[in-house]
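Notes follow the structure.
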Amino acid sequence: VACGDSGAGDSRATGGSGGSGGGTMECSAGSPPSCDDPCPRGSDSECGSGTFCLNGVCSYQCATDADCGPSSWCNVMSGRCIPNTGTGGTGGTGNTGGGNSCQSVTITPTRSTPNVMFLVDQSGSMPWGLDGDSNPPPGEPSRWEAAHTAITGVVSELDSIVRFGLTTYQSANGGTTPDQCPIFDTQVNFAMDNFGTINTSYDAKFPGGEDTPTGDSIDVLVDTIKASAPPATGPTIIVLATDGAPDSCENPDPNPTTQAQTEAVEAAARAHAMDIDVFVLWVGVLSDTDIEIHLQDVANAGVNDFPTDPDATFWVGESANGLETAFRNIIGENISCDIQMDKRFENTDKACAEGDVRLTTALGTESLSCPGEWIPKQGVDGEPDVIELVGDACATFKTEASTFSATFPCGAIVVD
């Protein structure tokens, strides 16, 4: 029975409830916009959200679970009532009888949670203005203050979906023994909901160190992270925020700085080789071509297996807002929109057409469309299958605390 514009209102058509798989709703002013549109190829893709193709016409059985029978649920994206029990397909949770019946399957998704360690230069030039003035005008933030504002702003908004940590580094003229360089005045370990600790610890220390042992600091920090590794539910990265040419513990006042620059590049490459990528952010106005070349080298080494590839991004924050934007971009690149599943897709076309995928934020629950807002992807070489969020759904997922649910009909998911 196809939809017909009977003008009889949004009532259920005769011929059985949607839950039995036979009835459709009559098209009316309250129906999905595509109800009664033609679908001459017989494909659901010809119909808009909330409808499916039936006998050449876009139709729908339900708009909510209440429109279906007691043993069915409503896939609001396709407008279909999906039986909880039926025949054929792959066995699902709650199987009964002779192994030939199945139910819809609700998967347990796993969100990727990145581990982000800020490594912040605490050398004597960080109290300078963003424009390089050693005495910033009243009311203008210093480099240290601008970085502090940007980092705490990002952490306060994202610490429910990212594990953040903070380390500040400097040296007192290189020190006289290895344990005196580098100096980590502030060390906050990775944790969720870490804004309070980071904000308090950050405020407790101020710049004033003499030197910038960047390479040494990356090496020591990587060793520290590896000794007490955070959960491997997402990538672990270092976000380096610095405002000066590097020096080293063994040579705190190099002239030229070539060797210290090489050490910083090699340290970033070693971190990357140990699965800790290094992202580089310059704090303040950048007008030195040699420093720009060096930052590019560190950026390349920090994320590439072949450090000569000139395609890695490094960021420059010339204002407090610019710094915060840069931090957000770096972190956003490391928040995956792939939702790892605990089961395998059996039929991705069926999963896309009939799956009920929902994202819940502080604004409410939204049912997502496939392929417009999510895509089923089968893993290769033993990797798990994933639901990939795309478009606005991905952007929301990266910036807001959210929960995620997905239910699929028989035949879409492999159930052990």
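The values are calculated or read from the model by the stated rules, or taken from the named source; none is laboratory data. In this text, all values refer to a predicted model and were calculated from it rather than measured experimentally. No Cβ is skipped: glycine too gets one built from the backbone with ideal geometry, and neighbour counts run over all protein chains shown. These area figures cover heavy atoms from the full protein model, side chains too; ligands, DNA and RNA do not enter into them. Shrake-Rupley method; radii C 1.70, N 1.55, O 1.52, S 1.80 Å.
If you take the Cα Rg of region 263-356 and divide it by 2.2 N^0.38 Å, with N the number of residues, what do you get?
Output field value: 1.51.
Using the per-residue mean of other Cβ atoms lying within 10 Å as a proxy for protection, in what order, highest first, do the peptides 135-146, 51-62 fall?
By packing density, highest mean first, the sequence is 51-62, 135-146.
In whole percent, how big is the carbon plus sulfur part of the accessible area of the chain, probe 1.4 Å, protein atoms only?
Its accessible area is 49 percent carbon and sulfur atoms.
Across bins of 20 angstrom width beginning at 0, how are the C-alpha pair distances of the chain distributed, in whole percent?
Percent of pairs per bin, in order: 23, 40, 25, 12, 0.
Give, as a single signed number, the net charge of other residues whose beta carbon lies under 11 Å from the beta carbon of PHE345, with Lys and Arg counted +1 and Asp and Glu -1.
That sum, taken over residues with Cβ under 11 Å, equals +1.
In region 246-351, with Lys and Arg counted as +1 and Asp and Glu as -1 at Cβ, which of these residues, SER248, ALA271, ASN329, has the Cα nearest the positive end of the dipole, that is, farthest along it?
Of the listed residues, the answer is ASN329.
Based on the Kirkwood radius over alpha-carbon pairs, what is the Stokes-Einstein translational diffusion coefficient of region 321-406 at 4 °C with 1.567 mPa s viscosity, in µm²/s?
93
Helix-only estimate, please: 222 nm mean residue ellipticity of the chain, summing -39500 (n - 2.57) across DSSP H runs of length 4 or more and dividing by its residues, to the nearest 500.
Taken over the chain, the calculation gives -7500 deg cm²/dmol.
Summarise the long-distance tail of P(r) for region 356-403 by giving the % of C-alpha pairs beyond 15 Å.
Value for region 356-403: 46 percent of Cα pairs lie more than 15 Å apart.
Within region 279-356, list the trypsin sites (Lys or Arg not before Pro) lying in a DSSP loop whose Cβ has at most 13 other Cβ atoms in a 10 Å radius.
none
Amide H neighbours of GLY234 under 5 Å, at least 5 residues apart or on other chains, H built in the peptide plane: list them.
THR113
From the square roots a ≥ b ≥ c of the eigenvalues of the alpha-carbon gyration tensor of region 304-349, which class results: rounded (a/c under 1.5), prolate (a/b over b/c), or oblate?
oblate
Counting only heavy atoms of the protein chains, get the accessible area per residue of region 217-341 (1.4 Å probe) and round it to a whole Å² value.
44
Stretched out fully, how many nm does the piece from VAL390 to LEU286 gain, at 0.36 nm a residue minus the Cα gap?
34.0 nm
What nm distance separates the two modelled labels at LYS226 and SER405, each placed 7 Å from Cα along Cα→Cβ?
4.4
So if I place +1 on the C-beta of Lys and Arg and -1 on the C-beta of Asp and Glu, and nothing else carries charge, what would the dipole magnitude of the chain be about its Cα centre? I want it in debye, nearest 20.
Magnitude of the dipole: close to 1920 debye.
Using only Cα atoms, what is the ratio of the radius of gyration of region 158-223 to 2.2 N^0.38 Å?
That ratio works out to 1.22.
What is the total of Lys pairs in the chain with C-alpha atoms under 25 Å apart, excluding same-chain pairs fewer than 8 positions apart?
4
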